[in-house]
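Read-outs throughout are calculated quantities, based only on the coordinates presented, and are distinct from any laboratory measurement. Owing to the predicted nature of the structure, the values given are computational and were not obtained by experimental measurement. Note: ideal-geometry Cβ built from the backbone for every residue, glycine included; neighbour counts use all protein chains shown.
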Amino acid sequence: MVVTGRISLDTRGECDIIDITPQVAEQVAQSGVTSGLVTVFVAGSTAGVTTIEFEPGLVSDLKGLWQRIAPKGIPYDHDRRWGDGNGYSHVRASLLGASLAVPVSGKALVLGTWQQIVLVDFDNRPRSREIILQIMGD
């Protein structure tokens, strides 16, 4: 069985990190899939998904990491070509990745005790984001 779901949300941009675990867990529980896999995919080239311990210290650390790896405020060829100032957003999203696979067992996500699924919006402005879920299994 394959069930497709969607999560729509508005973000603030600028490395906005949002815990989407409750929404993913709810859709998995309602899908009818007892055992399998859920793929979480964000549509768009300036956001990504991952897992973290969603607590203020780590959220701050993760934001700082992205500034060190792909800083805002340096020249990017994308910005020269398009003039939209979000070249760093595209680079960051490419490094993080647009999808994540999480096992499902007993109609529930199989995550560590301190592990949550998060959306990271790197764009330089607020956005409306759509996360697509593909829940597959028995």
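Model label points for Ser60 and Asp10, set 7 angstrom from Cα along the Cα-to-Cβ axis, are 2.8 nm apart. Going by neighbour counts of Cβ atoms within 10 Å, the residues Ile20, Ile135 line up, fewest first, as Ile20, Ile135. Within the stretch 96-138, name every residue whose backbone N is under 13 Å away from a label modeled 7 Å from Cα of Thr39 along the Cβ vector. Those under the cut-off are 98-102, 132-137. In the chain, helices alone account for a calculated mean residue ellipticity at 222 nm of -9000 deg cm²/dmol, with every DSSP H run of four or more residues adding -39,500 (n - 2.57).
The per residue volume of the convex hull around the alpha-carbon atoms of the chain is 97 Å³.
The stretch 8-77 gives an Rg/Rh value of 1.04, both radii derived from C-alpha positions and Rh following Kirkwood. The label-point distance for Glu26 and Ala101, in a model that sets each label 7 Å from Cα toward Cβ, rounds to 2.7 nm.
Magnitude of the charge dipole for the stretch 2-137, about its Cα centre and with charges confined to Cβ atoms of Lys, Arg (+1) and Asp, Glu (-1), is about 240 debye.
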